[in-house]
1. ARG575 passes all but one of (1) closer than 30 Å to SER612 by Cβ; (2) basic (Lys, Arg); (3) at pLDDT below 90; which number fails?
2. Got a number for residues in region 558-592 being under 20 Å from VAL304 (Cα atoms) and either surrounded by fewer than 24 Cβ atoms within 10 Å (Cβ to Cβ) or not aliphatic (A, V, I, L, M) (or both)?
3. Can you go through THR42, THR62, THR113 and tell me which one is assigned to a loop (DSSP other than H, G, I, E, B), of a type in the set (Ser, Thr, Tyr) and in contact (Cβ under 8 Å) with a residue 12 or more places away in the chain?
4. Which one is farthest from the chain's Cα centre (by Cα), of the residues in region 216-261 that are among the polar types (S, T, N, Q) and not in a loop (DSSP other than H, G, I, E, B)?
5. Among the candidates ALA297, ALA336, ALA348, single out the residue that is crowded, with 21+ Cβ neighbours inside 10 Å and either charged (D, E, K, R) or at pLDDT 95 or above (or both).
6. Give the number of residues within region 70-93 that are surrounded by fewer than 17 Cβ atoms within 10 Å (Cβ to Cβ), small (Gly, Ala, Ser) and either in contact with a strand residue (DSSP E or B) (Cβ under 8 Å, 6 or more places away or on another chain) or free of Cβ contacts under 8 Å to residues at least 40 places away in the same chain (or both).
7. Can you spot a residue in region 6-22 that is in a loop (DSSP other than H, G, I, E, B) and at pLDDT 90 or above?
8. Which residues, counting only those in region 45-55, are assigned to a loop (DSSP other than H, G, I, E, B) and either in contact (Cβ under 8 Å) with a residue 24 or more places away in the chain or surrounded by 13 or more Cβ atoms within 10 Å (Cβ to Cβ) (or both)?
Amino acid sequence: MAKSKVTPSRQQYLDIKAQYPDAIVFFRLGDFYETFDDDAETAARELDLVLTSRPQGKNQRTPMAGVPHHAAEGYIARLIAKGYKVALAEQISTETVKGLMPREVVRVFTAGTVIEPGMLEAGRNNYLTAVIRDGDQYGLAYADITTGEFATTQINGRRPLTEELARLAPAELLVADNEHTLHDQSKTVTPLPNWRFEEGNARQTLRRHFGVSTLSGFGCENKPLAVRAAGAILYYLQETQRGAIDQVQRLATYSTEGYMALDTATRHNLELTESIGGDKSGSLLGVLNKTVTPMGARLLRQRVTRPLLNLDELNQRLDQVETFGNDGLLRADIRAALKGLPDLERLANRVLSGKAIPRDLENIRLALETVPEISEKLKIDDPRSKIDAHNPIINLQSLIINLDPCPETHDLISRAIADNAPTNFNKMGVIRPGFSAELDGVMNSSAHAREWVAQLEPRERERTGIQSLKVGFNKVFGYYIEISRANSHLAPDDYIRKQTLTNAERYITPELKEYETLILNAEERILEIERRVFIEICQQVAQFTPQLLQTAVTLARLDVAATLAEVAANFDYVRPVLSDESGMMVENGRHPVVEHSLNRERFVPNHSQFDSNDRIQIITGPNMSGKSTFLRQVALITLMAQIGSFVPATKAEIGLADRIFTRIGAHDELHHGRSTFMVEMVETAEILNHATHRSLLILDEIGRGTSTYDGLSIAWAVIEFLHNHPRLKPRTLFATHYHELVGLADMLPMVTNYNVAVAEEGDDVVFLHQIVPGGADRSYGIHVAQLAGLPRDVINRANEILEELERHAPTTSVEPSRFTPSQQMALFPETSPILEELADLDVNTLTPLEAINKLYEWKRRYAGK
Ligand code: ADP
């Protein structure tokens, strides 16, 4: 049998590997973690390690690659970032059993369950999510074990599910084994056996963890899918953390309904957290994120990805921003006090999870120390303000009362933890003298011995007369007395030679060894007591977690409010006036990101307005004139208002939008191997099916991906649909280069035309980037070609051709009056033979060469050339 041939340690490895088939097993061997077989090949490839091998039975070698144990964290982080999982098999004892070191997996690292600060981004949550499907209903749960957040919901339909996942941007997604349709929703997808999502199991896992008999306290008792998803998450956390996950203390059942829905494409198009090119600074968050604490940075990101629909809550947020906006001194003070504050939220969670080190408690103390100072600054110390009921500082009261300095915790840590405590428990000095009587007792009893050793050097120098005599310590020999070779003949008789170096001899004495034993024994006990006392302290601190977390959240809110005020002050934003109406009015609006990339003075502000009679705006204008920028700007201003931020404008009244839809360009979709036009139509269909009167639609160049007439007809029909459907009439901005669409405004009362102003100076054309009423009459495409650097000859020739075409083909600018909603085919002069041919042509199968030949042919036949 194969089994009998392998060595015991190989068998041990194989047994462990069998339990973690989908993880890379890091197998501890001495000072290294080794990987074997396929794992070794993966690790060597992904981590640039040397792939070696070791003999395995007769004529056989197994591939092997290892990393030093002290550097493992960095290597593990790299594997996790690439979507792998790592199981850490440690030596769990120093005693061998039947000649074999006992080993066990003590931890499984996965992207969604890491807690090591080095593997996490400070400014964002690290979400583990789980999804379970039943028909078209989904249960979605998520947890961030670094902050203790744990929430679950039930979602009706695939689209809202995808949207919610897009918001969470999960580090890892758990799905049932037989669920194959969700694998594109996260970089790391972990299938779990179906029974892990089974309702009975899930309920039991949750009840046992929280020590409750019913889940009604969490609001999900009657939401089986939410329960199943949450249960799977908890099980997986228990499994990967190999033990208690005390930091998960609550479960919130939520609904996605209170928030503005944003689909993946819209998040992407509006560049909320990163630009389309993938960099963070070119995103809305990049502009707004001037937070000074990690908690604040995470909260701001959450807000940007989750705009609200609740007027009261938004006004409360805006009030806070205004307070800090009005009082620049207060703002500067608070920001200075918050700056560099340790991550109280993650620290408190590390204490809860039993993973804290002494420095973590020290950092909690530092954070708490700042709290009274911050509360003090926020107090109303101006006597006038007490009479003035409108004093805006009142707006911060709700925050001030939640700022708990947790004096008990602060006091405990101050008394217990020594300054500059060592970072691990291999060194003494974690606990401050005077805190633990037991510890002090052992310290005192060994103090005499330590004093004796400390005095040994001067004493022996005097006795022997050797001034260069030294007392030292090393791990192998313990304490020793060292005398240089030249003086070694002076060593007294009671010195016992222990070690010979090139230039010196080392000695011990029986007395020295006795004191050494005393000291080392005491040290061992001290280390043991310190560790025990530390754990007790952590348990006490853990009892105050709710207060600590509340303080952390409040600090985050303060940070965000002060940050948004700072940004508003620096970049001249105004407070938007919000309402539940469906109109909007923005005066001198600017694009929050583009205005920076341009040098702010050069950015041309634009108005925009919708009311109950003006719902759909068609913006025609040359390419590169600023249509897309304007569209996104209106969407971003709306979104900013709905996260409670001031907005880049001189005045803004915003009726809350239930959703923002965007359909913008499709340049980058081709990489994904999907037809541009197909993608565009799928997205357009989504919009038409899900928009409401309260939505904001940003449609850029719909129909561009197909032939002119197809595209024009589709664009035309889309606008009619939006206009005529009783549920719809959403605020719509429709940018297009089809000037023919201008005619719609004459027929549909709620449609208006705008264009981007252009100044013509002789042959030159200047884009003014200004959106003005009325339709555009020319496309200026050739002008753009000129800007792009096409040779002068080509430009001249193109102008000639254009003139020619315009003369011969009057149909290129179709008279609006010829269009009626039911008569779209009237776009084309009915009698033209060219049209019959066109109708027969299958554009999808035409090669570019065939198309151009066709053109030549028609030109020859119908234009006589
Ligand atoms: P279009 O959608 O019409 O093709 P874009 O919106 O992409 O045009 O704008 C093209 C360029 O014009 C942008 O990259 C930007 O540099 C500039 N631009 C756009 N809007 C403005 C503005 N309001 N003020 C100044 N420059 C602008």
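The values are calculated or read from the model by the stated rules, or taken from the named source; none is laboratory data. Fair warning: this is a prediction, and the values are worked out from it, not measured in the lab. Quick reminder, even Gly has a Cβ in these numbers, built from the backbone with ideal geometry, and neighbours come from all protein chains shown.
1. Answer for ARG575: the failing condition is (3).
2. Residues meeting the conditions: 20.
3. Values: THR42 fails: assigned to a loop (DSSP other than H, G, I, E, B); THR62 fails: assigned to a loop (DSSP other than H, G, I, E, B).
Exactly one residue qualifies, and that residue is THR113.
4. Kept after step one, since they are among the polar types (S, T, N, Q), are these residues of region 216-261: 216, 222, 238, 240-241, 247, 249, 253, 255-256.
If we keep only those that are not in a loop (DSSP other than H, G, I, E, B) as well, we get 216, 238, 240-241, 253, 256.
Values: SER216: 31, GLN238: 24, THR240: 22, GLN241: 22, THR253: 22, THR256: 19 Å.
Going through the qualifying residues, I end up with SER216.
5. Values: ALA336 fails: crowded, with 21+ Cβ neighbours inside 10 Å; ALA348 fails: either charged (D, E, K, R) or at pLDDT 95 or above (or both).
Every option except ALA297 fails the conditions.
6. Within region 70-93, residues that are surrounded by fewer than 17 Cβ atoms within 10 Å (Cβ to Cβ), small (Gly, Ala, Ser) and either in contact with a strand residue (DSSP E or B) (Cβ under 8 Å, 6 or more places away or on another chain) or free of Cβ contacts under 8 Å to residues at least 40 places away in the same chain (or both) number 3.
7. If we filter region 6-22 for residues that are in a loop (DSSP other than H, G, I, E, B), which is where we start, we get 6-7, 20-22.
Going one step further and asking which of them are at pLDDT 90 or above, we end up with 20-21.
Yes; the residues of region 6-22 include at least one that is in a loop (DSSP other than H, G, I, E, B) and at pLDDT 90 or above.
8. Restricting attention to region 45-55, the residues satisfying the condition of being assigned to a loop (DSSP other than H, G, I, E, B) are 48-51.
LEU49, LEU51 - these are the residues of region 45-55 that are assigned to a loop (DSSP other than H, G, I, E, B) and either in contact (Cβ under 8 Å) with a residue 24 or more places away in the chain or surrounded by 13 or more Cβ atoms within 10 Å (Cβ to Cβ) (or both).
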